[in-house]
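The values are calculated or read from the model by the stated rules, or taken from the named source; none is laboratory data. The shown structure was predicted, so the numbers you read here are calculated from the model rather than taken from an experiment. Glycine gets a Cβ as well: all are built from the backbone with ideal geometry, and neighbour counts include every protein chain shown. Surface accessibility is based on the protein's heavy atoms, side chains included, excluding ligands, DNA and RNA. Shrake-Rupley method; radii C 1.70, N 1.55, O 1.52, S 1.80 Å.
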Amino acid sequence: MLQTLYNVPEYNEELIDLAIAKMMEALSIEKDLHPDCKVVIKPNLVMAKSPSFPATTHPLVIKSVAKWLAAHGIKDITLAESSGGLYNGEYMKNVYRVCGMQQLAPLVKLNMDFSAKTVNCPAGFQNHSFHIITPICEADYIINICKLKTHAMTGYSGGIKNLFGVIPGLEKPQMHYRFPNLEDFSRMLVELAETVKPDITIIDAIDAMEGNGPTGGNSHPLYLLLGSKDVYTQDYFAAGLMGLDPKEIMMLKLAVEQGLALPDDISLSGDAIPENLTPFQVPDTKKLDFTGSLPRFLQKPFAKLAGRLLKSYPQLRKELCVGCGKCAESCPAHIIDIRDKKAHFKRKGCISCFCCQEMCPMKAIFVKKAL
Ligand code: SF4
Ligand code: SF4
């Protein structure tokens with residue numbers, strides 16, 4: 001598997017253009033394309049946040065890719081994403097504006113088709129089908145451009161997790177409700193990636209997020225752009241750069257077991273791995289999870305017991321809550337009410353998915369262990 005890696009010391013258009021041009025050449029992308037290709041770029045626009053905060057894909061990275069495509073004769077380039085929250089024109093226009101996507105015009109069409117299609121999965125999958133936003137279903141070539149982050153539920157968010165944003169709007173919380181267990185949810189993510197099959201995945205890690213990702217963490221720049229045609233192995237590699245143990249990240253463990261990620265078969269191209277990388281802080285949800293350090297035969301029974309005792313729940317910082325209701329809208333268990341302009345959580349029924357924390361624009365939700 002060919003893994004490219006380039007040092008990019010800041011969000012500077014010329015430097016990014018240079019790195020993207022080298023990446024596309026190293027991965028021989030030109031030969032995969034023809035002028036009539038419908039290319040769809042799938043960014044991470046998890047919520048309406050300024051690009052100066054490392055929650056979303058930086059517009060300059062997308063712009064460089066679009067400029068490279070246009071210079072190679074591609075005319076039909078669409079950016080398509082279903083953020084957390086609603087999936088309609090009004091909601092997405094605001095996301096595009098706040099995330100800086102409007103500067104991509106006229107090179108890139110910002111998707112305004114909010115329909116979705118049912119796509120069948122191969123036999124043997126946990127899911128028989130997925131409901132996927134239409135531009136992704138109709139694309140000839142998919143460029144997955146994600147942000148590198150730690151993640152409260154899955155531990156890690158890169159190329160595989162970014163593809164969860166092809167599920168339309170509030171169907172995403174419903175998927176959390178269908179798969180409340182981390183292993184089942186992670187298997188669903190891997191199956192979704194196998195169904196979408198992005199042609200190339202680029203990881204924006206010039207600035208990345210540590211701690212309570214995907215939206216409530218802090219900046220941890222790596223000054224790197226990564227690119228590969230293999231979304232699974234690249235995620236395994238990138239998790240290692242963050243100082244995480246990829247074997248402890250359920251979706252990566254499953255990808256290895258299924259023969260999709262091949263960590264022993266990485267061939268590096270581009271710049272050298274920087275020597276001064278420091279480990280990322282993990283999310284609060286993962287801080288007390290020490291089952292991985294136990295002998296293997298004790299891990300399963302202990303994980304069950306620990307799962308009950310150490311289960312994490314969302315807790316409100318009342319003084320920060322503005323009563324916007326975004327947490328209630330995204331809660332798959334419907335256990336959040338807005339009263340007197342404040343969110344009120346019931347613990348019963350909580351599946352610890354942290355969609356509420358992810359969608360809170362005020363960082364008003366933190367994680368508390370049951371004990
Ligand atoms: S907790 Fe956050 S998302 Fe929920 S109502 Fe308060 S400010 Fe809005
Ligand atoms: S309260 Fe938050 S963590 Fe619990 S089910 Fe609802 S969204 Fe998920």
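What to note about this one:
- Residue ID - surrounded by the fewest Cβ atoms within 10 Å (Cβ to Cβ), chosen from residues in the range 331-347 that are more than 10 Å from ligand 2 (Cβ to nearest atom) and basic (K, R): R339
- Members of the range 338-352 found to be more than 10 Å from ligand 1 (Cβ to nearest atom) and either closer than 21 Å to Y91 by Cβ or at pLDDT 95 or above (or both), listed by number: R339, D340
- Selection status of K318, more than 6 Å from ligand 1 (Cβ to nearest atom), over 24 Å from S50 (Cβ atoms) and either open to solvent by 70 Å² or more (accessible area, probe 1.4 Å) or touching a Pro at 6+ places or on another chain (Cβ under 8 Å) (or both): yes
- Scanning the range 1-22 for residues that are in a loop (DSSP other than H, G, I, E, B) and open to solvent by 40 Å² or more (accessible area, probe 1.4 Å) gives P9, E10, Y11, N12.
- In the range 192-211, the qualifying residues are those that are open to solvent by less than 10 Å² (accessible area, probe 1.4 Å) and assigned to a helix (DSSP H, G or I), and the one that is nearest to ligand 1 (Cβ to nearest atom) is L192.
- Scan of the range 33-46 for residues that are crowded, with 20+ Cβ neighbours inside 10 Å and in a loop (DSSP other than H, G, I, E, B), ordered by number: P43, N44, L45, V46
- Every condition in (1) outside the structural domain of V8 (by TED's automatic domain parsing); (2) within 30 Å of S330 (Cβ to Cβ); (3) hydrophobic (A, V, I, L, M, F, W, C); (4) at pLDDT 95 or above is met by L277 except one, and the failing one is (2).
- In the range 127-161, the residues that are touching a strand residue (DSSP E or B) at 6+ places or on another chain (Cβ under 9 Å), in contact (Cβ under 8 Å) with a residue 12 or more places away in the chain and among the hydroxyl-bearing types (S, T, Y): T134, Y141, T150, Y156, S157
- Condition check for E257 on (1) under 26 Å from the mean Cα position of the chain (by Cα); (2) open to solvent by 40 Å² or more (accessible area, probe 1.4 Å); (3) under 29 Å from V231 (Cα atoms); (4) at pLDDT below 95: one failure, at (4).
- Being closer than 16 Å to I41 by Cα and part of a helix (DSSP H, G or I) holds for only one residue in I77, I62, and it is I62.
- Residue within the range 23-32 that is part of a helix (DSSP H, G or I), crowded, with 20+ Cβ neighbours inside 10 Å and among the aliphatic types (A, V, I, L, M) present: yes
- Condition broken by A328, with the remaining ones in (1) within 14 Å of ligand 2 (Cβ to nearest atom); (2) open to solvent by less than 50 Å² (accessible area, probe 1.4 Å); (3) modelled with pLDDT under 95 satisfied: (3)
- Total residues in the range 212-235, condition surrounded by fewer than 22 Cβ atoms within 10 Å (Cβ to Cβ), hydroxyl-bearing (S, T, Y) and assigned to a loop (DSSP other than H, G, I, E, B): 1
- Annotation: A306 fulfils all but one of (1) open to solvent by 70 Å² or more (accessible area, probe 1.4 Å); (2) modelled with pLDDT under 95; the unmet one is (1).
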